[in-house]
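Written below as structure tokens is the structure these notes are about.
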Amino acid sequence: MRQLLLVLVGSARCRGLRGPRSPVLLASLAFLAAGCASPSLIPRDQAEAIGRRDRELAQHADAIQAAIRQSGDTGGLAFLDAGDGRLVVLPGETPADAWARHAESPESVPGRVSAPAVMTFVHRADVPSPPEVVTRNALQQQQELRMSLTALEAEVRETQRRTEEKLAMIQRELAESVAATRQELDRSVAAVRADMQQAVSSVAAELAAARKLTMQTAELGRINHDLNVENAGSLRKVVTANQDLTATSARLADTIQQLSERLASQLKELASRLDTIQGKVGEIK
């Protein structure tokens with residue numbers, strides 16, 4: 001059983017357990033008692049109190065080892081209850097572990113436990129380690145530190161969880177934003193492509209119109225050239241005709257002048273003949 005274990009041993013029962021003791025445990029307790037009770041280190045009354053406490057615990061060596069063996073742990077905190085003097089064993093792998101189990105699972109202890117200011121961590125009989133003297137204040141400080149670390153770990157886990165949730169939310173929002181941006185970009189690209197196609201169609205139409213206009217202009221130029229050529233020929237003909245007409249007019253003027261001269265001479269000759277005839281007629285009368 002690895003849960004918190006409380007062994008209560010009455011004084012009458014303790015007397016019945018006074019059989020053979022574990023040599024390792026007794027030697028360890030004696031060594032600890034001798035070291036702690038050195039008059040050169042602590043006051044005499046305190047040394048006597050420590051020695052008395054260690055001797056009282058040594059009387060319960062078998063019960064302590066039985067409790068530790070039953071728990072399956074490396075050792076246990078052993079002390080006599082400050083209230084009623086009962087033996088209390090708190091199993092654990094270390095003093096801090098044993099005290100933490102006691103502090104975290106008070107419901108497993110039958111009755112209230114009043115721990116003294118100084119306690120002893122006794123190792124299992126097969127563990128070659130002497131007992132360790134620990135103080136309640138040190139264990140409480142370690143427990144508070146452990147609780148603080150646990151609370152800090154819980155806070156770190158909660159912060160990590162919130163951070164992960166926030167990161168997941170940001171990733172979702174980013175994915176949604178990217179998807180919306182991609183859709184908007186696709187729509188913009190489609191609109192630009194449509195505008196480009198429309199512009200290309202418009203430019204093609206304008207190019208076709210410009211080509212048609214160019215062809216028409218070229219045709220008009222050709223027609224104008226033909227007209228110019230034809231006009232030039234006509235002008236040459238007109239000039240030639242004018243020259244012919246001028247020559248004809250000159251010849252006609254010469255002919256008319258010759259005819260006029262001939263007519264005048266004929267009229268003179270006629271007038272002379274008439275005069276002659278008139279003279280002859282007068283002579284006949």
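The values are calculated or read from the model by the stated rules, or taken from the named source; none is laboratory data. For clarity, every value in this text was computed on a predicted model and none was experimentally measured. In this analysis, Cβ positions are derived from the backbone assuming ideal geometry, glycine residues included, and neighbour counts consider all displayed protein chains.
Overview of results
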{"read-out": "Residue 211 within 33 Å of the chain's Cα centre (by Cα) and in a helix (DSSP H, G or I)", "value": "no"}
{"read-out": "Residue among 134, 118, 127 that is in contact with a strand residue (DSSP E or B) (Cβ under 8 Å, 6 or more places away or on another chain) and in contact (Cβ under 8 Å) with a residue 60 or more places away in the chain", "value": "118"}
{"read-out": "Residue check, residue 50 closer than 18 Å to residue 130 by Cβ, part of a helix (DSSP H, G or I), modelled with pLDDT of 85 or more and touching a strand residue (DSSP E or B) at 6+ places or on another chain (Cβ under 8 Å)", "value": "no"}
{"read-out": "Residue among 139, 227, 145 that is in a helix (DSSP H, G or I), in contact (Cβ under 8 Å) with a residue 12 or more places away in the chain and over 38 Å from the mean Cα position of the chain (by Cα)", "value": "139"}
{"read-out": "Out of 136, 157, sole residue that is buried (at least 16 other Cβ atoms within 10 Å of the Cβ) and over 16 Å from residue 54 (Cβ atoms)", "value": "136"}
{"read-out": "Long-range neighbours under 6 Å by Cβ, at least six apart or interchain, first residue assigned to a loop (DSSP other than H, G, I, E, B) and among the hydrophobic types (A, V, I, L, M, F, W, C) within segment 68-91, second at pLDDT below 85 and surrounded by fewer than 24 Cβ atoms within 10 Å (Cβ to Cβ)", "value": "82/114; 82/116"}
